[in-house]
Amino acid sequence: MLKPDTLNMGASLPGKLAASGTSGASSRTVIAGVGGTSGISEISNPSDVSPPTIPLHDHDWITRHIPHAGAMCLLDAVIECDDAHIVCSASSHRRADHPLRSRGRLSAVVAIEYAAQAMAAHGAALAQRDAPPAAGFLTAVRSVHYGVDRLDTLPDNLRCEATRLSGDARNILYAFEVRAGAQTVANGRATVMLEASAPQGETPSATRS
């Protein structure tokens, strides 16, 4: 699965993504609530209210099953998961002590790290074992589009979805989308190379995540 090293925003991501953090690269739930303007909602028909989403796996499960440790484990919960896709929720983008904040702000480029951790959680969920699955390397991101410049000003929780498009014993291709409420934060495609397929004594040149 994806390794815990923080995503280097300016070093090894391709194209404009590395340079600016606000444009695409060259080259892959929300818990419903009931509110009211007065602060008190009167519910006339309980069937009109969607029940809160019950997480499949909580933050503690995620920290045990992906290699991202401590404050670098950014996800709150896994809320949907099957063989082909996963949806995770996160609120850590609003933390003032976020480990990937730079110069007092959290760039939209960090959405790729959220998506990468969702991919790691997907592999862990499919592994269905107590030990973390084999690590992988995020080797490429493609066709990335951003809907915002920064994450820390978004009031809604992040919805991080990754869909497996293809894969084999060496590489996996995911499509990903990160949203905050109705706002698209980032989407694109990402390629993951499994650690076992890396040549002995060599480390892939792309930044590990």
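The values are calculated or read from the model by the stated rules, or taken from the named source; none is laboratory data. All figures in this text were calculated on a predicted structure; none of them were measured in a lab. Glycine also receives a Cβ, built like all others from the backbone with ideal geometry; neighbour counts cover every protein chain displayed. Protein only, heavy atoms only, side chains kept; ligands, DNA and RNA dropped before computing areas. Shrake-Rupley method; radii C 1.70, N 1.55, O 1.52, S 1.80 Å.
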Which one, 119, 92, 107, projects farthest toward the positive side of the charge dipole computed for the stretch 57-133 from Cβ point charges (K/R +1, D/E -1)? 107
Output wanted: per-residue J couplings in Hz (rounded whole) for the stretch 62-79, from phi through Karplus 6.51 cos²θ - 1.76 cosθ + 1.60, θ = phi - 60°, x for Gly and Pro. 4, 5, 7, 10, 10, x, 6, 10, x, 5, 7, 7, 8, 8, 8, 6, 9, 10
Determine how large the accessible area of residue 64 is when every protein chain is in place; take a 1.4 Å probe and give Å² rounded to the nearest 10. 140 Å²
Once R0 is set to 35 Å, what does the formula 1/(1 + (r/R0)^6) return for the Cβ-Cβ distance between residue 153 and residue 126, expressed as a FRET efficiency to the nearest 0.05? 0.55
Determine the gain in length on full extension of the stretch residue 145-residue 97; use 0.36 nm per residue of separation and subtract their C-alpha separation, reporting nm with one decimal. 14.7 nm
Heavy atoms of residue 110 accessible to a 1.4 Å probe, total area in Å² rounded to 10: 0 Å²
